[in-house]
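Heads up: the structure comes next, in structure tokens.
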Amino acid sequence: MKLNYSNTQTPYPFSCGLQNSQPTISTSNYSVGWPYLKCVSCGNIIQSGESSNCKNHIKYYNYLNLVYDCNNIGKFPLRKKGMLRYSSLLPLDKEYVTLGEGSTPLVCAFNIGKKLSISKFYIKDETVNPTGSFKDRENYILVNLALNNSLKELSIASCGNAAISLATYCKKAGIKCNTYIPKKASKQKKELLKSLDANITEVNANYEGAYRLVYEKKSRQEHIIEIIKDEGNKTIAFEIEEQLGVPEYIIVPIGNGSNLAAIFKGFLELKLIGKTKKLPRMIGVEIENSNCVTKAIENCQEYFIHTNKIYSKADAITGKESFSTPRAIWAIKQSNGFVVTLAEDEINKIKHLLRYECFISAEHTSWAVFAAAYKINFEKKATVIAVLTGCENKSMLKNKLGSLSK
Ligand SMILES: [Zn+2]
């Protein structure tokens, strides 16, 4: 039985950050010298010397969007290679380090679409990024900003795609990478991080505990570039617009929610600079008992914390908290989007159904986008894009990244 989400409208108390008029503020107010950071909830603008998050909300959650003067960005895109092509809408105009991130294929998945009853179905294949996930886009921004601001080390609470990606970029850049990982993390992941010369601190806590611990250790400057790094992920939107135009729907798994928010922000900026008149509806995908964004929307809260113990094989979207919930809700509401919550066995069922159709080695979490698509009644003429966020076989990365360790 398919669900029709098109009438799903939940009241949401937040105001929109980007679509309001943009006050003029000198960029010199910021230690990193970029356009200004604005809260998606209360519209507060972060001033020089203030803490790195909006003072009106809980500090661990990300409420901030980086706002550009979209009337004066100059040429877009530029005739440059890689991510610098989009630098007029990125907080970066100089590149110190690149691993060849981005420029990923948009694959027409006709056979999969047919099985899902979607006539125009495409896959944005983020698994081909240098370390196998979309995280390379944001860590490219993060490490280049760190080098530009003379930071000698970066820290992260993760043992998944994000840590592997950051450790790789840090290795290439000659920056120390401190990873804080739950003790229960797999030996394979720890070994991969060690091979990239990352410092590993095992924390007697879950991911959320490790995240809070690292949060307290970071300087204001590191917090700010950490927030701004999400700008890298919006290049997924820029590439899609160039490859196909703006689709009706984009399906993105929600871990912290930052990727979904960034992709929508990318399309919104394309609209603000006059590249398109259309915006896609953003569809987030969550796992039951880990559906923090769904619960926050249902309860009209800025975020939601699950208290029960959670297990899912879709580990990249499993957790008690999603720290970018405020921005994810902002994007979902502004795009008239919605969130699909999956049961664990729905991902397994779709893998069984599509096992001969998908020639991409995607991690279990990424299959959630197909399971979500299967539950939605799309309009017949709609174009739907599913973002495959990460690759399956992390052990293959060890060989691929080996050259960096020599
Ligand atoms: Zn605020």
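Based on alpha-carbon positions alone, could you give the equivalent ellipsoid semi-axes of the stretch 130-245 from the gyration tensor, as √(5λ), descending, whole Å? Write out the running numbers ahead of the final one.
Values: eigenvalues 114, 56, 39 Å².
Each semi-axis is the square root of five times an eigenvalue, giving 24, 17, 14 Å.
Principal semi-axes of the equivalent ellipsoid, √(5λ) from the alpha carbon gyration tensor of the chain, are 28, 26, 22 Å from largest down.
When each of 345, 136 is scored by the number of other beta-carbon atoms lying within 10 Å, the sequence from fewest to most is 345, 136. Per-residue 3J(HN,Hα) values for the stretch 342-350, derived from phi via the Karplus relation 6.51 cos²θ - 1.76 cosθ + 1.60 with θ = phi - 60°, read 10, 7, 3, 6, 5, 5, 4, 4, 6 Hz in sequence order (x marks Gly and Pro).
Since only 343, 359, 383 are under comparison, the one whose Cα sits farthest along the positive direction of the charge dipole of the stretch 339-384, derived from C-beta charges on Lys, Arg, Asp and Glu, is 383.
Taking the convex hull of the alpha carbon positions in the stretch 74-179 and averaging its projected area over all directions gives 8.4 nm².
Using only helices, what value at 222 nm comes out for the chain when you add -39,500 (n - 2.57) per DSSP H run of length 4 or more and divide by the total residues, to the nearest 500 deg cm²/dmol? Before the final figure, lay out the partial values.
Numbers: 13 runs with 129 residues, N = 406.
Theoretical 222 nm ellipticity from helices: -9500 deg cm²/dmol.
Listed cross-link partners 295/380; 229/309; 94/152; 333/375; 80/265; 124/194 are compared with a 24 Å cut-off, the Cα-Cα value being larger for 295/380; 229/309; 124/194.
Look at where the Cα atoms of the stretch 108-178 and of the stretch 278-356 average out, and the two centres are 20 Å apart.
Ignoring solvent entirely, what values of log10 I(q)/I(0) come out of the Debye formula for the stretch 289-392 at 0.11, 0.17, 0.18, 0.20 Å⁻¹ when each Cα is a single scatterer? Debye curve over Cα of the stretch 289-392, log10 I(q)/I(0) at q = 0.11, 0.17, 0.18, 0.20 Å⁻¹: -0.38, -0.90, -0.99, -1.18. Computed over the Cα atoms of the stretch 211-319, pair by distinct pair, the Kirkwood hydrodynamic radius stands at 15.7 angstrom. Between the amide H of residue 180 and those of 156, 157, 158, 201, distances stay under 5 Å, these residues lying 5 or more places away or on another chain, with hydrogens modeled in the peptide plane. DSSP beta bridges confined to the chain are antiparallel in about 25 percent of cases.
Compute the Rg to Rh ratio over the stretch 38-108 from the alpha carbon atoms, using the Kirkwood formula for Rh, and round to two decimal places. Working shown, then result.
Numbers: Rg = 16.2 Å, Rh = 15.1 Å.
Here the Rg-to-Rh quotient is 1.08.
Of the residues 40, 285, 340, 107, the one with the fewest other Cβ atoms within 10 Å heads the list, and the complete ranking is 107, 340, 40, 285. Residue order for 218, 229, 309, fewest other beta carbons within 10 angstrom first, comes to 309, 218, 229. For the chain, the relative contact order is 20 percent, taking Cα pairs closer than 8 Å that sit 6 or more residues apart in sequence and dividing their mean separation by the residue count. 3J(HN,Hα) couplings calculated from phi for the stretch 148-161 with the Karplus curve 6.51 cos²θ - 1.76 cosθ + 1.60 (θ = phi - 60°) are, in sequence order, 5, 9, 6, 7, 9, 8, 10, 10, 8, 9, 4, 10, x, 3 Hz; Gly and Pro show x.
Cross-link reach is defined here as a Cα-Cα straight distance under 16 Å, omitting same-chain residues fewer than 8 places apart; for residue 59 the lysines meeting it are 38, 217, 218.
Rule-based calculations on the coordinates, nothing more; no lab input. Note that the structure is a prediction, hence the values are computed from the model and not measured. All Cβ positions, glycine included, derive from the backbone under ideal geometry; neighbour counts span all protein chains shown.
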